[in-house]
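J.: Just passing along the structure, written as structure tokens.
Just so it is clear, none of the values below were taken in a lab; they were calculated from the coordinates. Treat the numbers as computed from the prediction; the structure is a model and nothing was measured. A quick note on method: Cβ atoms are made from the backbone with ideal geometry, for glycine too, and the neighbour counts reach across all protein chains shown.
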Amino acid sequence: MESGGPQSATVGDSGGPGRPPVLPLAIFVVLVLDALLANVIAPYSPYVTDLSKGLVPPFWLPGGDSSHLLGTDQVGRDLLSRLMYGARASLGVALATIGIGGTVGTVLGMVAGYVGGTTDSAIMRLVDGSLSVPVILLALVLVAVREPSAWNVILVLSVVIWARFARLVRGEVLSLRERAFVSLARIAGSSTTRIIVRHIFPNILNTVIVVGTLQVGWVIVLEASLSFLGVGVPPPTPAWGSMVADGRAHMMSAWWVSLFPGLAILLVVLSLNFLGDWLRDRLDPRLRQV
Amino acid sequence: MSDIVLSAESLTKTFHGRKRWLFGRPPVIHAVSNVDLRLHEGETVGVVGESGSGKTTLARLLLQLEWPTSGTVRFRGRAVDELAPPGVREFRQTVQAVFQDPYSSLSPRMRIGEIVAEPLVVSRQLAGTDVLRRVAEALERVGLEAGSAQRYPHELSGGQRQRVAIARALASSPKAIILDEPVSSLDVSIRVQILNLLRELQAQSGLAYLFISHDLSSVRYLCRRVMVMYLGRVIEEGPAAAVLARPKHPYTQLLRMAAIPRWKGRGDQNPLFQADEAGDTLNLPSGCAFHPRCPYSAPVCIRERPVARELGPGRYMACHGYEEPLHEADARHAGDAGVSNRSPLLE
Amino acid sequence: MVSGGLEVRDLTAYLFTKRGAVRAVDGVSFDIPRGKTLGLVGESGSGKSMTCLALMQLLPRPAGRIVAGEVLLDGVDLLKLSERDMQAVRGKGIAMILQDPTSSMNPVLKVGYQVGEPLREHEKLRGDVLRKRVIDLLRQVRIGAPEERMSAYPHELSGGMRQRAVGAAALACNPRLLIADEPTTSLDVTVQMHYLSLLQEIQQREQFAMLFVTHDIHLVPSICDFVAVMYAGRIVEQGEVEAVFTRPAHPYTRALLKAAPRLDDESDSLEPIPGLPPSLIEPGAGCRFGPRCSHAFDLCAGAYPPETALEESHRVNCWLHGRPA
């Protein structure tokens with residue numbers, strides 16, 4: 001006769017779609033602040049080396065000291081500072097990639113979905129092409145041809161990201177196109193451009209935002225992978241991926257060099273995924289309460 | 001006779017479905033077949049039909065949302081596919097539409113004011129504060145407060161949204177509005193409000209309406225003339241009051257019978273009642289499309305498609321039996337199949 | 001009261017939301033004898049669909065809950081049954097038909113399979129016996145060539161045929177109560193006519209009780225013996241169809257009767273019902289139709305009018321009829 005009480009909460013759940021999940025949001029905020037203020041709050045410069053202080057363990061282990069809270073890497077650079085500065089590379093690359101790839105993908109997706117016909121086929125073939133490209137391979141090739149740089153990373157990742165946006169946006173637009181208000185806009189005399197800009201775009205914005213948020217984590221992982229392989233953001237700029245690579249040789253003895261950057265990647269990506277899920281639940285109008 | 005705003009000649013639209021197997025022919029759907037139509041200024045014409053009648057496709061053809069397979073749509077006498085951009089703009093300004101679903105008719109992310117202003121902005125009729133003024137006027141004409149221009153569609157009820165849709169249709173001061181089932185999705189009590197509004201607006205502005213509906217009563221309430229469609233063709237046409245009160249075509253008679261509520265257990269003797277279920281435009285019967293369901297069908301009905309004949313001034317019907325007295329007798333039957341439920345307590 | 005049939009007493013179901021408890025069904029009582037049909041009439045938000053869900057105990061979870069009342073089917077209080085026992089009742093003792101035949105059927109399963117599902121579940125029929133029953137059911141609902149149609153998919157049938165197939169599935173296990181929630185709303189008017197006559201014919205034969213829910217009051221006399229008019233979660237008037245339609249007592253009933261344009265009615269102007277229905281969260285103490293009622297007077301806002309019996313089984317909740325001594 002009675003139905004159950006409120007559903008039990010799960011990790012990352014908020015109290016209903018109203019409030020964002022607190023911990024992930026906090027982590028994200030910390031990340032952004034860190035990236036912006038790294039030069040102010042980091043205890044050391046991430047570039048200064050001190051070979052006499054190589055591989056100092058974190059302060060709670062024997063041999064550690066409180067001047068280097070998380071220890072140092074093999075050339076004596078403070079790990080904590082490098083971690084903090086590394087956020088800039090990760091976040092910077094991710095945002096630039098999502099920005100460029102997302103914009104290109106959204107525009108092409110809308111055009112493909114609304115205009116249809118041969119334009120649609122052409123764009124979708126491009127999408128298929130992009131999605132079949134092995135990212136790592138492309139990065140390696142690019143590095144062989146040009147010098148490694150942050151912009152090369154952004155370029156390579158954008159090539160893959162745009163296609164994901166395009167496909168999703170096109171799908172949404174296909175169903176949106178059939179809605180009465182679009183026909184009525186045509187009846188009012190609106191041009192195709194106007195319809196895409198004023199009617200289609202605002203209604204897919206939610207999808208784009210959610211996809212964007214969920215992709216940031218993926219891009220960070222990709223960037224880290226590229227840096228790990230040496231084809232990402234070039235040294236000496238601190239990047240979490242290359243920091244993990246640096247510590248490979250010392251995994252057994254000085255595990256902290258690889259572990260902390262790895263943990264940083266994990267935490268950030270997890271938080272972004274939780275936030276993205278929350279955002280999706282929040283912005284999906286079907287879940288809006290009456 | 002006043003000017004003709006919108007007309008159609010021999011309008012035909014066929015769709016091709018998907019092939020069922022690789023070497024077969026794709027199925028052909030005859031959505032609209034050879035429809036003629038003339039909408040004069042200030043005239044209210046109803047188009048009645050059930051699903052498959054082609055009435056919505058007809059609306060889309062007239063509104064240039066689809067291209068006809070053959071036949072012509074004319075705007076003030078000029079063929080629409082020959083219009084240059086200024087002509088197209090004039091067409092869009094003059095012929096507007098209101099559709100059935102209030103929930104998908106308004107762009108969810110635009111404010112009401114912007115939605116109503118769109119036809120004006122697009123046609124560059126007015127600019128700046130003039131647009132705002134016209135929007136406020138339009139909203140007030142349909143019974144909404146001018147302040148609702150700031151709101152979003154999801155804040156309004158179904159009936160209010162439909163009023164917004166009407167306001168938008170009125171914004172560019174059109175001469176004709178095509179309404180496709182504008183009240184079918186609304187609650188009964190709201191329906192009347194909107195029908196009354198439409199009536200008032202028509203009386204005030206001399207608008208022409210093409211009112212498409214499956215509901216005979218709404219059509220009779222709003223329209224002077226009516227066209228009855230069945231499987232893509234017009235099978236009866238004439239003054240709304242006459243056609244709907246004393247229909248001549250068996251299909252129209254069937255529609256009327258179905259539309260008038262009867263008391264439980266009575267009124268099943270009419271031979272029309274035995275008429276089988278609807279046909280579909282995929283497998284059009286030969287000859288007269290209605291013959292498989294028609295209790296009066298004769299061999300000629302299976303062989304030959306009936307042509308529209310004039311029964312009286314402005315009254316047409318496409319049926320081989322138009323001379324037969326049988327129809328008159330049954331038209332009388334169909335007329336009193338319902339029992340009046342007017343209580344003495346009602347004014 | 002003849003034994004058998006449905007007796008509902010003070011059924012109350014609320015939807016508990018963050019903004020408060022929505023009193024979707026607020027003390028609803030009616031009877032439906034075997035072989036008879038009750039028309040439940042109301043607009044959207046009146047609570048008529050929620051009433052159906054409450055009867056089946058299929059309220060949306062977790063917000064919906066039955067708060068009080070009794071639902072007696074042939075003497076057994078359904079609200080006291082365990083979920084397991086209730087599952088045995090659904091589809092067998094009580095069957096339900098919904099408004100939209102397209103979403104009532106699974107598009108990837110054949111029609112014959114779906115019509116046979118209640119038989120498979122409740123009567124454990126299989127194989128050839130099941131097949132024969134399904135063909136017979138399809139024939140009963142006047143679907144031609146049932147042997148072929150059985151193997152068809154829902155989208156290959158017309159809307160009317162789909163709705164009849166849904167009806168066949170509902171009637172498969174000879175239910176004692178059939179709840180039809182706006183079954184003809186999405187059908188063409190000529191199809192509707194046939195469908196209603198079909199329902200009546202089957203009901204005459206099988207003698208089940210039927211609850212026919214609709215927003216179109218004018219459908220009621222053609223298929224119902226009794227009618228109950230719902231507004232804002234409560235029944236405001238009920239009785240035999242003849243009584244309520246020729247002597248409507250509640251202003252809302254009268255307004256509904258006048259609100260739709262009628263083909264055989266020569267009067268040329270219609271009177272809409274002004275205003276909007278009230279919020280069901282805080283409906284207030286007085287008559288819920290009061291704010292929109294042209295006959296409202298001082299008593300109406302103060303207290304909810306009690307039930308007044310006008311004649312044999314014709315009851316109304318309205319201060320116009322039940323003035324205290």
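J.: Averaged over B:112-122, how many beta carbons belonging to a partner chain fall within 10 Å of each residue's beta carbon?
T.: 3
J.: Return the aspartates and glutamates within reach of B:Lys55: Cα separation strictly under 12 angstrom, same-chain partners fewer than 8 residues apart disregarded; answer none if there are no such residues.
T.: Output for B:Lys55: B:Asp180, B:Glu181.
J.: Moving on. What do you get for Rg/Rh over segment A:220-264 if you use C-alpha atoms and the Kirkwood form of Rh? Don't skip to the answer; put the middle values down first.
T.: Working: Rg = 9.7 Å, Rh = 10.1 Å.
Ratio of gyration radius to Kirkwood radius for segment A:220-264: 0.96.
J.: Can you give the mean number of other chain Cβ atoms that lie within 10 Å of the Cβ atoms in peptide C:187-199?
T.: The mean count of partner-chain Cβ atoms within 10 Å per residue comes to 5.
J.: Another one. With only alpha-carbon atoms in the gyration tensor, what are the semi-axes of the equivalent ellipsoid for segment A:176-283, in Å, largest first? Before the final figure, lay out each step's value.
T.: Working: eigenvalues 419, 46, 10 Å².
Each semi-axis is the square root of five times an eigenvalue, giving 46, 15, 7 Å.
J.: Please state the relative contact order of chain B as a whole percent: Cα pairs under 8 Å, 6+ residues apart?
T.: Working: 631 pairs, mean separation 65.9, N = 347.
Relative contact order for chain B comes out at 19 percent.
J.: Just to be sure I follow: if Rg is taken over the C-alpha atoms of chain B and Rh is the Kirkwood radius over the same atoms, what is Rg/Rh? Walk me through the numbers on the way to the answer.
T.: Numbers: Rg = 21.6 Å, Rh = 21.7 Å.
My calculation puts Rg/Rh at 1.00.
J.: Still on this structure: Within the set of other residues whose C-beta is less than 15 Å from the C-beta of A:Val197, count the net charge using Lys and Arg as +1 and Asp and Glu as -1.
T.: Value of the local net charge: +3.
J.: For segment C:68-134 and segment C:136-203, compute the distance between their C-alpha centroids and round to whole Å.
T.: 15
J.: Run the numbers on chain A and let me know its relative contact order in percent, using alpha-carbon pairs under 8 Å that are six or more apart.
T.: Numbers: 426 pairs, mean separation 64.9, N = 290.
This gives 22 percent for chain A.
J.: Any chance you could give the angle, 0 to 90 degrees and rounded to 10, that helix B:85-94 forms with the longest Cα principal axis of chain B?
T.: The answer is roughly 80 degrees.
J.: Within the protein assembly as shown, what percent of beta bridges assigned by DSSP are antiparallel, to the nearest 5?
T.: The antiparallel fraction comes to roughly 60 percent.
J.: Also: Using amide H atoms built in the peptide plane, which far-off residues or other-chain residues are under 5 Å from B:Leu6 H to H?
T.: Counting only residues 5 or more places away or on other chains, the set is B:Leu39, B:Arg76.
J.: Another question about this same structure. Where is the GNM fluctuation largest for chain C (alpha-carbon springs, 10 angstrom cutoff): C:Ser279, C:Ser29, C:Ser82?
T.: C:Ser82
J.: With each run of n ≥ 4 DSSP H residues scored as -39500 (n - 2.57), what mean residue ellipticity at 222 nm is computed for the protein assembly as shown after dividing by its residue count and rounding to the nearest 500 deg cm²/dmol? Could you put the intermediate results ahead of the total?
T.: Numbers: 32 runs with 403 residues, N = 962.
Result for the protein assembly as shown: -13000 deg cm²/dmol, rounded to the nearest 500.
J.: Would you mind finding the longest exposed-site-free stretch of chain B, with exposed trypsin sites (Lys or Arg not before Pro) meaning DSSP loop and at most 12 other Cβ atoms within 10 Å? Present the calculation step by step, with values, prior to reporting the outcome.
T.: Values: sites that count: B:Arg18, B:Lys19, B:Arg20, B:Arg124, B:Arg266.
Between the exposed loop sites, the longest stretch runs B:125-265.
J.: Compute the Cα gyration tensor for chain A, then decide on rounded, prolate or oblate, letting a ≥ b ≥ c be the square roots of its eigenvalues: rounded whenever a/c is under 1.5, prolate when a/b is larger than b/c in the other cases, and oblate in all that remain. Write down the numbers at each step before the final one.
T.: Numbers: a/c = 2.95, a/b = 1.63, b/c = 1.81.
Cα axes put chain A in the oblate bin.
J.: With a Förster radius of 41 Å, plug the Cβ-Cβ distance of A:Val197 and C:Lys132 into 1/(1 + (r/R0)^6) and report the FRET value to the nearest 0.05.
T.: Values: r = 61 Å, r/R0 = 1.49.
Computed FRET efficiency for A:Val197 and C:Lys132 comes out at 0.10.
J.: Provide the net charge surrounding C:Glu7, with neighbours chosen by a C-beta distance below 10 Å and charges set as Lys +1, Arg +1, Asp -1, Glu -1. Each step should come with its number before you reach the end.
T.: On the way: positive: C:Arg9; negative: C:Asp31, C:Glu70, C:Asp74, C:Asp77.
Summing Lys/Arg as +1 and Asp/Glu as -1 gives -3.
J.: Straight-line reach from C:Lys258: which aspartates and glutamates fall under 15 Å, measuring Cα to Cα and dropping same-chain residues less than 8 apart?
T.: B:Asp187, B:Glu347, C:Glu43, C:Asp216, C:Glu266, C:Asp268, C:Glu271
J.: Pairs of Cα atoms under 8 Å, at least six residues apart: use those to get the relative contact order of segment A:60-216, whole percent. Walk me through the numbers on the way to the answer.
T.: Details: 142 pairs, mean separation 45.5, N = 157.
With pairs under 8 Å counted, the relative contact order is 29 percent.
J.: Distances longer than 15 Å among the Cα atoms of segment C:101-174: what percent of all pairs is that? It would help to have the intermediate numbers written out before the result.
T.: Details: 1170 of 2701 pairs.
Considering segment C:101-174, 43 percent of its Cα-Cα pairs are separated by more than 15 Å.
J.: Considering the options C:Tyr195, B:Gly238, B:Ala308, tell which one lies farthest towards the positive end of the dipole of the protein assembly as shown, charges being +1 on Lys and Arg and -1 on Asp and Glu at the Cβ, about the Cα centre.
T.: Farthest along the dipole direction, towards plus: B:Ala308.
J.: When chain A is modelled as a GNM with alpha-carbon springs shorter than 10 Å, which of A:Gly129, A:Gly71, A:Gly232 fluctuates the most?
T.: Taking springs between Cα atoms under 10 Å, the residue moving most is A:Gly129.
J.: Rounding to the nearest 20 debye, state how big the charge dipole of the protein assembly as shown is about its Cα centre with +1 on each Lys and Arg Cβ and -1 on each Asp and Glu Cβ. Intermediate values should be presented prior to the final figure.
T.: Values: 99 positive and 93 negative charges, 288 e Å.
Dipole about the Cα centre, nearest 20: 1380 debye.
J.: Shape call for segment C:56-206 from the C-alpha gyration tensor, a ≥ b ≥ c root eigenvalues: rounded (a/c under 1.5), prolate (a/b greater than b/c) or oblate?
T.: On the way: a/c = 1.75, a/b = 1.45, b/c = 1.21.
In terms of gyration-tensor shape, prolate.
J.: To test your reading of the geometry: what angle, between 0 and 90 degrees and rounded to tens, separates the Cα axis of helix A:256-283 from the longest principal axis of chain A?
T.: 20
J.: On a 21 Å Cα-Cα criterion, which of the cross-link pairs B:Lys264/C:Lys132; C:Lys36/C:Lys92; C:Lys92/C:Lys124; C:Lys18/C:Lys48; C:Lys36/C:Lys124 come out too long?
T.: Working: B:Lys264/C:Lys132 32 Å; C:Lys36/C:Lys92 18 Å; C:Lys92/C:Lys124 12 Å; C:Lys18/C:Lys48 23 Å; C:Lys36/C:Lys124 29 Å.
Listed pairs above 21 Å: B:Lys264/C:Lys132; C:Lys18/C:Lys48; C:Lys36/C:Lys124.
J.: Next up: Which loop-located trypsin sites (Lys or Arg not before Pro) does segment C:79-129 contain, where loop means any DSSP state but H, G, I, E or B and the Cβ has at most 12 other Cβ atoms within 10 Å? Please list the in-between numbers first.
T.: Numbers: sites: C:Lys80, C:Arg84, C:Arg90, C:Lys92, C:Lys110, C:Arg120, C:Lys124, C:Arg126; in loops: C:Lys92, C:Lys110, C:Lys124, C:Arg126.
For trypsin sites (Lys or Arg not before Pro) across segment C:79-129 that sit outside H, G, I, E and B with at most 12 neighbouring Cβ atoms in 10 Å, the list reads C:Lys124, C:Arg126.
J.: Quick one: divide the alpha-carbon radius of gyration of segment C:3-84 by 2.2 N^0.38 Å and tell me what you get.
T.: Working: Rg = 12.9 Å, N = 82, 2.2 N^0.38 = 11.7 Å.
For segment C:3-84, the normalised Cα radius of gyration is 1.10.
J.: Can you return the aspartates and glutamates within cross-link range of B:Lys13? Criterion is Cα-Cα under 14 Å, with same-chain partners fewer than 8 residues away left out.
T.: B:Asp36, B:Glu66
J.: Next question, about the same structure. Based on the alpha-carbon set only, what is the convex hull volume of the protein assembly as shown divided per residue, in Å³? Let's see the in-between values first.
T.: Working: hull volume 230.2 nm³, N = 962.
Residue-normalised Cα hull volume stands at 239 Å³.
J.: I'd like the orientation of helix C:111-122 relative to chain C: the angle between its Cα long axis and the longest Cα principal axis, in ° from 0 to 90, rounded to 10.
T.: The angle comes out near 80 degrees.
J.: Further question on the same structure: Cβ under 12 Å from A:Thr49's Cβ, A:Thr49 left aside: what net charge do those residues give with Lys, Arg +1 and Asp, Glu -1? Numbers along the way, then the final one.
T.: Working: positive: A:Lys53, A:Arg77, A:Arg82; negative: A:Asp50, A:Asp73, A:Asp78.
Summing Lys/Arg as +1 and Asp/Glu as -1 gives 0.
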